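Below is one structure; the comments refer to it alone.
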Amino acid sequence: ISIAPRTIPELTFEEVHENLTRFVDDAKWAVTMKEYRNYHGLVEYLEEFASEERNLLSRALLELALFSQDKLFNQYPLREVLTESLTEGGLNAKAANGLPEFSSFMEKMVIVFKEYLLRVIKNKPRQRRGLGLYTQDLNIILGEADYIDEKLHGGLAN
């Protein structure tokens with residue numbers, strides 16, 4: 001079985017102009033995103049970005065802008081961004097860093113964080129497919145977070 005190649009649609013000048021204008025507007029979104037260093041603000045921003053139909057190239061640009069060598073916007077180490085966000089949520093970072101399990105937990109959190117943000121910027125059907133598979137990773141992280149929380153608050157013996 002073979003699939004016939006897609007036909008290339010012919011566009012009017014106005015349609016081309018509209019597509020390019022949308023791409024430039026979407027690219028502006030990707031560039032202004034750099035002001036978000038907080039996890040929650042960044043997730044809200046990306047969810048808003050993904051809530052509208054965006055140009056494929058602007059999604060790719062956004063993906064490239066997000067992560068480079070485990071740094072957010074090639075500036076902020078992801079582990080620091082996550083630790084700051086957890087601290088805002090009430091984590092005692094000094095005590096947590098004293099736990100041997102916390103370092104391993106944060107390494108996993110960085111991976112899960114990256115995967116989640118990359119899935120958020122996909123179009124809605126891809127989000128649904130991807131997030132369904134992603135639920136298991138989130139459950140593992142939540143279980144480890146509960147374990148660390150119990151250790152920090154004296155619920156488990158060291």
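To make sure I understand the rule: partners must be lysines, Cα under 18 Å from the Cα of LYS28, and not fewer than 8 residues away in the same chain. Which ones qualify?
LYS122
Based on the Cα gyration tensor of the chain, what are the three equivalent ellipsoid semi-axes, each the root of five times an eigenvalue, rounded to whole Å and given largest first?
Sorted largest first and rounded, they come to 39, 19, 12 Å.
As a check on your grasp of the helix formula, calculate [θ] at 222 nm for the chain: sum -39500 (n - 2.57) over DSSP H runs of n ≥ 4, divide by the residue count, round to the nearest 500. Display every interim value, and only then the final one.
On the way: 7 runs with 110 residues, N = 158.
So the calculated ellipticity at 222 nm is -23000 deg cm²/dmol.
Which cross-chain or sequence-distant (5 or more) residues have an amide H under 5 Å from the amide H of LEU72, H modelled 1.01 Å from N in plane?
Under 5 Å from the amide H of LEU72: LEU78.
Only Cα pairs within less than 10 Å get springs; with that Gaussian network setup on the chain, which residue of TYR45, TYR147, TYR134 has the largest fluctuation?
Maximum fluctuation in the GNM of the chain, among the listed residues, is at TYR147.
Run the simple label-point estimate for LEU118 and GLU14 please: 7 Å along Cα→C-beta, distance reported in nm.
Between LEU118 and GLU14, the label points sit 4.0 nm apart.
For the chain, set up a GNM with springs between Cα atoms under 10 Å and report which of LEU82, LEU142, LEU11 has the largest fluctuation.
The residue that fluctuates most here is LEU11.
How about LYS114: which aspartates and glutamates have a C-alpha closer than 20 Å to its C-alpha, ignoring those fewer than 8 places off in the same chain?
GLU35, GLU44, GLU47, GLU48, GLU63, ASP70, GLU80, GLU84, GLU88, ASP137, GLU144
Rounded to the nearest 0.05, what FRET efficiency do LEU133 and SER2 give with R0 = 22 Å and r taken as the Cβ-Cβ distance? Could you check?
Numbers: r = 30 Å, r/R0 = 1.36.
E(calc), rounded to 0.05, equals 0.15.
Along Cα→Cβ, 7 Å out, is where each label goes; now give me the distance between the ones at VAL24 and GLU84 in nm to one decimal.
3.2
Between ASP146 and ASN55, what is the FRET efficiency for a Förster distance of 41 Å, r being their Cβ-Cβ separation, to the nearest 0.05? Write out the running numbers ahead of the final one.
Values: r = 40 Å, r/R0 = 0.99.
Using R0 = 41 Å, I get an efficiency of 0.50.
Only the coordinates and a few stated rules stand behind these numbers; no lab work does. Worth saying up front: this structure is predicted, and the values here are computed from it rather than measured. Glycine gets a Cβ as well: all are built from the backbone with ideal geometry, and neighbour counts include every protein chain shown.
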